[in-house]
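Here is the structure we will look at.
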Amino acid sequence: MSARTTLIGGLTVAVLAVALVISGFGAALAVGGAGQKAAATTTVTTGTNSTSSTPYVVTLVITTNNVYNSTVQAQPAYFMLGPNGLESSANISLPANRLIKLVIICYDDGNASLVLPNDNVVSGTTGNSIYVTSNDNVNASQGPSGIVLNGGQNLTSVPLSEVAHTFTVPALNLNIPVPLSSTVVAYFKVGQAGSYFWFCETRCGFGPDGTLGAMSTSGWMTGSLVAS
Ligand SMILES: [Cu+2]
């Protein structure tokens with residue numbers, strides 16, 4: 001749990017944060033559904049190699065308290081949101097040469113330190129920025145009579161104290177820092193078909209430096225991004 005839940009009134013903040021995340025989740029589901037329907041229509045009418053003006057939507061969900069094994073216990077993990085619920089993130093498939101709308105819903109409310117400096121800086125996305133909603137630290141402040149919501153924000157970097165995980169594909173120069181308790185939207189394109197490794201670049205795993213457990217296991221905090 002983050003420090004803010006220990007503050008007076010922290011319960012209210014936490015409850016609202018959950019509500020915001022859930023509402024963001026619903027919005028992402030609605031957007032994802034519409035995007036996928038449009039994608040199918042476009043494929044039928046224009047062929048598989050054409051580019052479409054409609055982004056292809058990929059939705060990832062980060063959860064915590066996934067039991068890794070009896071020794072390591074709880075670890076965070078990325079999942080892919082499929083038509084029937086959460087699926088493994090070990091192989092994330094998407095089309096090459098088409099605009100991708102990546103939605104990352106992060107239920108993790110804890111901060112983690114970076115593996116490398118600048119891992120909190122966005123790269124490889126449209127405008128080298130991300131759109132962040134539902135993060136009560138980034139998007140809200142405590143006012144005299146409650147929380148003041150500021151709406152979503154475009155960010156080119158995330159404050160170190162706010163980074164929970166990253167979605168990073170070094171071969172594509174793609175780095176998306178994910179703030180705790182947030183929903184992130186980012187656009188990018190994979191110019192060349194192929195299989196690329198993705199990683200989280202925070203020390204969110206197990207062991208003395210946090211790079212074991214989830215951090216070193218496919219389908220948890222790393223995997224393959226397969227563009228075809
Ligand atoms: Cu991570």
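Some points to look at:
- Computed log₁₀ I(q)/I(0) - Debye formula, equal Cα scatterers, no solvent, the stretch 88-228, q 0.16 Å⁻¹: -0.82
- Between the amide H of THR202 and those of VAL115, THR166, distances stay under 5 Å, these residues lying 5 or more places away or on another chain, with hydrogens modeled in the peptide plane.
- Amide H contacts of THR217 (H built 1.01 Å from N, under 5 Å, at least 5 apart or other chain): THR222
- Taking the alpha carbon gyration tensor of the stretch 174-228, multiplying each eigenvalue by 5 and rooting it gives semi-axes of 23, 16, 8 Å, largest first.
- Contour minus Cα-Cα distance for THR126 and SER216 (0.36 nm per residue): 29.5 nm
- In plain terms, the chain from SER88 to LEU116 could stretch by 7.5 nm, reckoned as 0.36 nm per residue minus the Cα-Cα distance.
- Pairs of Cα atoms nearer than 8 Å and 6+ residues apart set the relative contact order; for the stretch 91-228 it is 34 percent.
- For LEU99, the amide hydrogen comes within under 5 Å of the amide hydrogens of SER52, TYR56, counting only partners 5 or more places away or on other chains and with H modelled in the peptide plane.
- Förster radius 41 Å - calculated FRET efficiency between ALA74 and GLN142, Cβ distance, rounded to 0.05: 0.90
All of the numbers you see were taken from the coordinates with simple rules; none came from a lab. Because the structure is a prediction, the values reported are computed rather than measured. Please note: Cβ atoms are built from the backbone with ideal geometry, for glycine as well, and neighbour counts cover all protein chains shown.
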